[in-house]
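Following: one structure in structure tokens, then a few remarks.
The values are calculated or read from the model by the stated rules, or taken from the named source; none is laboratory data. Predicted model only: the values in this text are computed from it and were never measured. Glycine also receives a Cβ, built like all others from the backbone with ideal geometry; neighbour counts cover every protein chain displayed. In case anyone asks, the SASA skips ligands and DNA or RNA and just uses the protein heavy atoms, side chains included. Shrake-Rupley method; radii C 1.70, N 1.55, O 1.52, S 1.80 Å.
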Amino acid sequence: MNRLTDALAAKFASPVRSTRLTVVLGRWLGICFTVCFATGLFSHGLQNPPSWMLFPTRPVGIYQLTQGLHITSGIASIPLLLAKLWSVYPELLKWPPVRSVIHALERGSIALLVASSLVQVVTGLINTYKWYPWPFPFRETHYWLSWVVWGSLLLHIAAKLPLIAGHWRRARRPREAEVTTAAQVRTTAASAGPGGRQPPAVTGRWSRRGFLAAVGVTTGAVVLGTAGQSFAWLSPANFFAPRKMGTGPQGVPVNRTAADAKVGPLAQNPGWKLNISYRGQSRSYTLGELGALPQAEHELPIACVEGWSQTARWRGVRIRDLVQAMGAAPESDLLVTSLEPEGAYRFMSMPAVYTADEQTLVALELNGGVLELDHGYPARIIAPGRPGVLQTKWLQSLEIL
Ligand SMILES: Nc1nc2c(c(=O)[nH]1)N[C@H]1C(S)=C(S)[C@@H](COP(=O)(O)O)O[C@H]1N2
Ligand SMILES: [Mo]
């Protein structure tokens with residue numbers, strides 16, 4: 001077994017592989033994972049708010065930015081993660097697999113880290129393509145898995161701290177620092193002939209640079225080809241992401257159509273009314289009545305949790321005006337109900353900060369025209385700084401809490 005794994009290790013040995021390379025890749029990956037984790041927690045907090053949650057509403061595109069960073073850093077992690085796995089691959093073949101309790105714990109944490117990270121980034125990527133080929137609820141799984149990734153990552157960093165510290169800066173004498181595995185020493189020695197020496201350090205350094213450059217270019221290309229789904233200025237380079245800015249009815253992509261949501265007939269019913277209730281009193285508005293109220297117009301983005309976003313011009317009634325007309329304070333929590341008969345989108349809670357915000361609208365128009373059915377006709381919510389999933393379409397009622 002020992003021979004076999006050594007032979008395998010030798011087969012995959014490369015002078016490019018070194019602790020220093022792994023540390024450099026680890027740093028890039030660490031940045032991506034940190035950005036991804038922080039923005040993911042923010043997104044989760046907005047959707048499942050703990051009691052202490054803060055809801056920033058300015059800049060109005062704050063969620064567009066954080067979710068764009070989330071998706072983009074997650075995508076960038078994929079080539080980096082693969083490169084880092086490649087850089088340590090022979091280590092994983094070392095025999096015996098477990099040498100002590102500490103060693104077993106360390107290897108266990110690496111196994112957990114590798115497995116959870118791979119599942120996390122791959123399911124995340126698949127999710128941006130609106131494909132859910134698994135039986136578990138994506139958001140909860142993604143959330144809990146992020147803690148597993150972070151727990152095992154911290155253990156991994158703690159265990160490797162001496163190595164990381166030792167290779168944080170470029171080695172002044174790369175000859176010793178370059179070579180990591182015993183198999184590598186043997187291969188390089190063998191290739192140098194009897195009594196061989198390691199190849200000149202400079203070769204190793206240049207090929208490492210070349211490898212890092214290749215990883216950098218690949219990561220950059222993947223980022224450049226997808227980030228345009230979230231960042232307008234990169235939109236022309238959006239080759240891989242599933243949704244493109246400026247496409248769809250009224251120039252805005254549609255996430256779920258009226259037909260998918262089975263709301264067509266309800267939403268197109270000419271007798272439609274928006275019902276508003278407060279402390280046992282209620283009042284309803286026809287579409288004509290809503291249109292006759294003072295209208296406000298704002299540029300606000302829809303920023304989907306799945307990564308795409310699109311800024312548009314929305315026009316409609318300020319939600320705070322409707323709340324005040326019921327005799328309630330503008331700083332009121334709301335329960336918003338959609339006509340959509342069932343499912344996760346039927347109910348949406350709106351914390352008081354958004355209700356009070358002058359840019360939060362019951363929108364009737366989009367980009368200068370009456371809302372298309374797929375965008376939420378006859379009326380939908382649009383609020384600054386919220387995930388798209390909370391921008392409820394096809395309104396039925398507002399309950400002031
Ligand atoms: N009732 C209802 N509202 C909804 C949805 C839905 O499926 N049903 N989709 C949400 C999601 S996930 C997003 S990203 C936005 C997208 O709005 P759009 O389809 O008008 O672009 O609407 C949100 N509002
Ligand atoms: Mo969404």
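On the full set of protein chains, 1.4 Å probe, figure out the accessible area of ARG139 and give it in Å² to the nearest 10.
Counting only protein heavy atoms, ARG139 exposes about 80 Å² to solvent.
Quick one: angle between helix 101-128 and the longest Cα principal axis of the chain, in degrees between 0 and 90, rounded to 10, please.
For 101-128 against the chain, the angle is about 40 degrees.
Want the number for LEU224 to LYS273: 0.36 nm per residue separation, take away the alpha-carbon distance, what's left?
Taking LEU224 through LYS273 to full extension adds about 13.1 nm, to one decimal.
Relative to the longest principal Cα axis of the chain, at what angle does helix 182-191 sit, 0 to 90 degrees, rounded to 10?
60
Can you send over the solvent-accessible area of PHE42, 1.4 Å probe, protein chains only, in Å² to the nearest 10?
Here the residue's solvent-accessible area equals roughly 40 Å².
FRET efficiency for THR311 and ALA344, Cβ-Cβ distance as r, R0 = 30 Å, nearest 0.05? Intermediate results must be reported in sequence, preceding the final value.
On the way: r = 25 Å, r/R0 = 0.83.
According to the calculation, E is roughly 0.75.
For the pair LEU82/ARG283, report the inter-label distance in nm, with labels modelled 7 Å from Cα in the Cβ direction.
If labels sit at LEU82 and ARG283, their model points lie 5.9 nm apart.
Assuming a strict under-21 Å limit between Cα atoms, what lysine pair count do you get for the chain once near-sequence pairs (fewer than 8 apart, same chain) are dropped?
12
Determine the per residue accessible area of the chain with all protein chains present and a 1.4 angstrom probe, expressed in square angstrom. Walk me through the numbers before you get to the answer.
Working: 19770 Å² over 401 residues.
So the chain comes to 49 Å² accessible per residue, rounded to a whole number.
Please list, ordered by chain and number, the residues whose modelled amide H lies under 5 Å from the amide H of GLN396; skip anything fewer than 5 residues away on the same chain.
Result for GLN396 returns THR337, SER338, LEU339.
Within a Cβ distance under 13 Å of LYS84, other residues only, what is the Lys/Arg minus Asp/Glu net charge? Mind dumping the intermediate values first?
Numbers: positive: ARG17, ARG20, ARG27, LYS160; negative: GLU91.
The answer is +3.
Measuring from label point to label point, each 7 Å out along Cα→Cβ, what is the TRP131 to VAL119 span in nm?
If labels sit at TRP131 and VAL119, their model points lie 2.0 nm apart.
To the nearest 10 degrees, how steeply does helix 201-226 sit against the main Cα axis of the chain, on a 0 to 90 scale?
With both axes taken from Cα atoms, the answer is about 20 degrees.
Along the Cα-to-Cβ line of GLU358, 7 Å from the Cα, sits a label point; which residues in segment 299-333 have backbone N less than 14 Å from it?
Output list for this probe position: 299, 318-321.
Give me the number: length gained by fully extending ASP333 to ILE102, i.e. 0.36 nm times residue separation minus the C-alpha to C-alpha distance, one decimal in nm. If you can, show how the numbers build up before the last one.
Working: separation 231, 0.36 × 231 = 83.16 nm, distance 5.14 nm.
This chain segment gains 78.0 nm when fully extended.
Shape verdict for segment 258-400, please, from the Cα gyration tensor: rounded (a/c under 1.5), prolate (a/b greater than b/c) or oblate. Before the final figure, lay out each step's value.
Details: a/c = 1.29, a/b = 1.13, b/c = 1.14.
Because its axes are fairly even, with a/c under 1.5, segment 258-400 counts as rounded.
Using only alpha-carbon positions, what ratio does the radius of gyration of segment 203-304 give when scaled by 2.2 N^0.38 Å? Write out the running numbers ahead of the final one.
On the way: Rg = 24.0 Å, N = 102, 2.2 N^0.38 = 12.8 Å.
Output field value: 1.88.
About the Cα centre of segment 258-400, what is the dipole size in debye to 20, counting +1 per Lys and Arg Cβ and -1 per Asp and Glu Cβ, all else neutral? Before the final figure, lay out each step's value.
Working: 12 positive and 16 negative charges, 56 e Å.
It works out to roughly 260 debye.
After finding the eigenvalues of the alpha carbon gyration tensor for the chain, what semi-axes result from the square roots of 5 times each, listed largest first in whole Å?
Details: eigenvalues 593, 82, 59 Å².
With the √(5λ) rule applied to the chain, the semi-axes are 54, 20, 17 Å.
Leaving ligands, DNA and RNA out of it, report the carbon-plus-sulfur percent of the accessible area of the chain at a 1.4 Å probe.
On the way: 12660 of 19770 Å².
C and S atoms contribute 64 percent here.
Find the centroid of the Cα atoms in segment 68-93 and in segment 335-401, then give the distance between the two in whole Å.
38
State, to one decimal in nm, how far the label point of ARG209 lies from the label point of LEU92, with both points 7 Å from Cα in the Cβ direction.
Placing both labels 7 Å along Cα→Cβ, they lie 3.0 nm apart.
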